[in-house]
1. Taking the Cα-to-Cβ direction at residue 351 and at residue 231 and moving 7 Å from each Cα, how far apart do the two end points lie in nm?
2. State which entries of 32/301; 28/281; 22/301; 83/296 exceed 25 angstrom in Cα-Cα distance in the structure shown.
3. Is the chain rounded, prolate or oblate when judged by the Cα gyration tensor, a ≥ b ≥ c being the square roots of its eigenvalues, rounded requiring a/c under 1.5 and prolate requiring a/b larger than b/c?
4. So if I restrict to the alpha-carbon atoms in the stretch 1-128, what is the Rg, and what is Dmax, the biggest pairwise distance, in Å?
5. Once you have a ≥ b ≥ c as the square roots of the Cα gyration tensor eigenvalues for the stretch 121-194, tell me rounded if a/c is under 1.5, and otherwise prolate or oblate according to whether a/b is larger than b/c.
6. What distance in nm separates the two pseudo spin-label positions at residue 254 and residue 362, each 7 Å out from Cα along the beta-carbon direction?
7. Apply 1/(1 + (r/R0)^6) to the Cβ-Cβ distance of residue 159 and residue 90, taking R0 = 25 Å, and write down the FRET efficiency to the nearest 0.05.
8. Using 0.36 nm times the number of residues separating residue 341 and residue 39, minus their current alpha carbon distance, what extension gain do you get?
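The values are calculated or read from the model by the stated rules, or taken from the named source; none is laboratory data. This structure is a prediction, so every number in the text was calculated from the model and none was measured. FYI the Cβ positions are ideal-geometry reconstructions off the backbone, even for glycines, and counts take in every protein chain you see. What goes into the accessible areas is simple: the full protein's heavy atoms, side chains included, and nothing from ligands, DNA or RNA. Shrake-Rupley method; radii C 1.70, N 1.55, O 1.52, S 1.80 Å.
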Amino acid sequence: MTDLIVIGAGLTGMIAAYTAAKAGLTVKLVAKGLGALHWNAGTMDVLGYYPDEQSPVARPLDAIAQLTNHPYTLAGHVADALKNFSALTNDLGLPFGGAKNSGENLWLTSPVGAARPTFLAPRAQIGGDLARTEPMLIVGLRGMRDFYPELIAENLRKQGHAARAAFLPLDLITARHDINPVQIARALDNPGLQTVLAIELKNLVRPGERIGLPAILGMNNHADALERLQAHLGATVFEIPTLPPSVPGVRLNNALRRALEQLGVRVDVNMDVEHAHIENKRVVWIESESASRPLKHRAEKFLLATGGILGGGITNDHTGVSREVIFDLPLNIPTARGAWFRARLFDPAGHPVFRGGVMVNRDFQPVDANGARVYDNVWAAGGVLANADSIAERSLEGVALATGIAAARRICNL
């Protein structure tokens, strides 16, 4: 029988499955979909803004040490988790890095030219750190949707950064007119097209400028594409994540999937888990939909990593009832709908509904309002946990990573 089933294929689920498999457990991962990495910037946001304040955080690891009643508090060893992640992605050929002043957040350019805090970023994004002083040339492909160089450059200038915009024709890369960033990135795995792009960029760039491009520099041969482009231009090239689908997120997802496959972890996507069979406070199996009858997945232990309200792990209805969708675990979300939100949409303290979730003990096992363990063989991690508004805090990936590793280690008794 399988030792552990992880439910959810986002960063939390994959890093937990990897940690448990490395420790010697037989692991299966089942999920309804592919997780949030396809929508995110592919960076490692640890803590960008203080909870309840929305003031920017300069040194996330120092700030985390001051938090109470937060998933980071339960996880502990956040710095070690980040080091392990950096080592893993480096081994997978997708190296991440941080600010030159160790321990500080990077401030990178968002898809609309806003400053975006993150702690670790793929090597291809680090050159866009707004702490650097080199002027920026933001280059788009005319006709490419969801990337607007003029808007990005204008907003960067308003923040005091030297930036200008330029365009290259889309047919430089492809003859298609309706194409998304993932498809363009796959086309740019071709070394010949990389050379063509480099020649055209060289005609645009001025001495001393760094070049910001949409995140399209290769999918499977990304590292080679970035290196070849910078060598040809003699200038720093950096990627700016686009609106979804996120090429950096897809790259990270694919790299982690390869790591799981190397460890023998079975990954079953398109498994919509909708029921759990319980006997004597133990989950015996979970069920997912199939063409004829429900498919049973049996294991000794189960880790819930389905995400919170935005991830689909928690659902709400018009009457104010919130429920965790698989095990019906207790939640700390207010039962009155009027208490879900504050009066102001962009209230610095956020909204209570997004801080709600599954309550767990120090072993990451779900508990009820009295602190009693709900099931003997169920754990939870990531966005489904209570007491963090990870979107507002810019802590989504950090919480996923730290709690995924911590929960897996608890399961393995490490």
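1. So the two model labels end up 5.1 nm from each other.
2. In this structure, 83/296 exceed 25 Å between Cα atoms.
3. Details: a/c = 1.99, a/b = 1.61, b/c = 1.24.
Because a/c hits 1.5 or more and a/b exceeds b/c, the chain counts as prolate.
4. Expressed in Å, the Cα Rg and Dmax of the stretch 1-128 come to 16.0, 51.
5. On the way: a/c = 2.48, a/b = 1.63, b/c = 1.52.
It comes out prolate by the Cα gyration axes.
6. Once both label points are built, they end up 4.3 nm from each other.
7. Numbers: r = 32 Å, r/R0 = 1.27.
According to the calculation, E is roughly 0.20.
8. On the way: separation 302, 0.36 × 302 = 108.72 nm, distance 2.48 nm.
So the chain would gain 106.2 nm between residue 341 and residue 39.
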